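Values quoted throughout were computed directly from the atomic coordinates according to the rules given, and no laboratory measurement underlies them. The structure displayed is predicted, hence computed values, not measured ones. Cβ placement follows ideal geometry from the backbone for every residue including glycine, while neighbour counts extend to all protein chains displayed.
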Ligand SMILES: Nc1ncnc2c1ncn2[C@@H]1O[C@H](COP(=O)(O)OP(=O)(O)O)[C@@H](O)[C@H]1O
Ligand SMILES: [Mg+2]
């Protein structure tokens, strides 16, 4: 079976995606899959499998951690890529962020009638846009931070009276984040009015739509979910950043950040987090895989932070690690995800 792995892309998470893809290429069960890589440069140019392999060889050699910066002129400008994609039986799109996990790439595969790993268009879009996600969670009755959505009206930051309203409603500390983000880029924890104004300026560099949220105080717990109609939760992991919150630095640069697997939680609390993770997965109508991030407060309440429909997928990333904890190896996980992709594709064809 020919498994196309699409990786890279324009998001700041390009290098993470490339690392995930290299692991999939290396580890996928060679008796089942011929893995064919498709790279997207940081400039948005699609690379055919041959070009992708030569650029990945540079990454393997330690010369770079990206597929290059060359600018693209859209997918239609690279007919060799389209031709090669036509030969694929199934796709694993491991591209994070905008134009990757936000439903756009998924829409391409829908139109191409290619089975693909992970959530469909709507769930991917809702998983990427935290304003849509929070509204879906609220509808499903999931408990989460109190929040407000703000849209850039050209003023770049709210007027003083709007700031006072936010302060009265959410208090300090609070979080400001771009609705469409990832890797904590553009996310700030604000303690004062001055912080809040700076936080808006930062978040507006990433998106015109922002969220302001009350800060939840608690332990940050993650659950991996695997499946389609009958999804299963994994054992849990705990994030212990050596910082105010799980920031970009804490995720990728600070060696003191601890990922504790399994999370040391009472059995009953762990079960409630797992139930929450399943409800969040269903609330967005996810498919295949998702990592659900929650907080457990001092009062032992569960609050959902977010659903990641294409979580990091290197062997040391939380998602595969949690399944390893459950006894499912990295290679077996890839095989299972492909099976789920094929199953979902076949099922979609049964509808009138
Ligand atoms: N309301 C909140 N209360 C407490 N911490 C938060 C809150 N929102 C975000 N955080 C912290 O910021 C991190 C990044 O926020 P998140 O919404 O997950 O953005 P991203 O999509 O970039 O990962 C979280 O992992 C958590 O540590
Ligand atoms: Mg997050």
ask   = Extension gain residue 255-residue 192, at 0.36 nm per residue separation less the Cα-Cα distance, in nm?
value = 19.8 nm
query = Going by a ≥ b ≥ c, the root eigenvalues of the Cα gyration tensor, does region 253-352 fall in the rounded group (a/c under 1.5), the prolate group (a/b larger than b/c) or the oblate group?
reply = oblate
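What order do you get for 102, 217, 293, 230 when you list them from fewest to most C-beta neighbours inside 10 Å? Can you show the working numbers first?
Values: 102 24, 217 11, 293 20, 230 6.
By the 10 Å Cβ count, ascending: 230, 217, 293, 102.
Going by C-beta contacts inside 10 Å, put 342, 170 in order with the fewest on the left. Show your work: numbers first, answer last.
Details: 342 16, 170 20.
Ascending Cβ contact count within 10 Å gives the list 342, 170.
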ask   = Which value in Å is the Kirkwood Rh of the chain over different Cα pairs?
value = 20.9
request  = Sticking with the crude label model, points 7 Å out along Cα→Cβ, report the distance from residue 146 to residue 201 in nm, one decimal please.
outcome  = 2.8
note = Between the Cα axis of helix 267-283 and the main Cα principal axis of the chain, the angle (0 to 90°, nearest 10) is 70
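With Rg and the Kirkwood Rh both taken from Cα atoms, where does Rg over Rh land for region 147-214?
Details: Rg = 10.5 Å, Rh = 11.5 Å.
My calculation of the ratio gives 0.91.
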inquiry  = How tilted is helix 160-170 with respect to the longest principal axis of the chain? Cα atoms for both, answer in degrees (0 to 90, nearest 10).
reply    = 80
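I need to check one value: relative contact order of region 2-116, counting alpha carbon pairs closer than 8 Å and at least 6 residues apart, in percent.
So the answer I get is 34 percent.
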request  = Return the FRET efficiency for the residue pair residue 267, residue 161: r is the Cβ-Cβ distance, R0 is 35 Å, and the value is rounded to the nearest 0.05.
outcome  = 0.10
Order of 209, 177 under a 10 Å beta carbon neighbour criterion, fewest first = 209, 177
ask   = For the Cα atoms of the chain, what angle does the longest principal axis make with the long axis of helix 130-139, in degrees from 0 to 90, nearest 10?
value = 70
inquiry  = Taking 8 Å as the Cα distance limit and 6 or more residues as the minimum spacing, I'd like the relative contact order of the chain as a percentage.
reply    = 18
Gained length - residue 275 relative to residue 83, 0.36 nm times residue gap less alpha-carbon distance = 64.8 nm
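Going by a ≥ b ≥ c, the root eigenvalues of the Cα gyration tensor, does region 17-68 fall in the rounded group (a/c under 1.5), the prolate group (a/b larger than b/c) or the oblate group? Could the numbers behind the result be given before it?
Working: a/c = 2.11, a/b = 1.51, b/c = 1.39.
Verdict is prolate for region 17-68.
What value, in deg cm²/dmol to 500, does the helix sum -39500 (n - 2.57) over DSSP H runs of n ≥ 4 give at 222 nm once divided by the residues of the chain?
-11500 deg cm²/dmol
Let a ≥ b ≥ c be the square roots of the eigenvalues of the Cα gyration tensor of region 2-116; is it rounded (a/c under 1.5), or, if not, prolate (a/b larger than b/c) or oblate? Kindly include the intermediate steps, with their values, before the conclusion.
Details: a/c = 1.41, a/b = 1.07, b/c = 1.32.
Rounded, because the longest to shortest axis ratio a/c is under 1.5.
With both partners inside region 2-116, how many of the DSSP beta bridges are antiparallel, as a percent to the nearest 5? Don't skip to the answer; put the middle values down first.
Details: 2 of 15 bridges.
Around 15 percent antiparallel, to the nearest 5.
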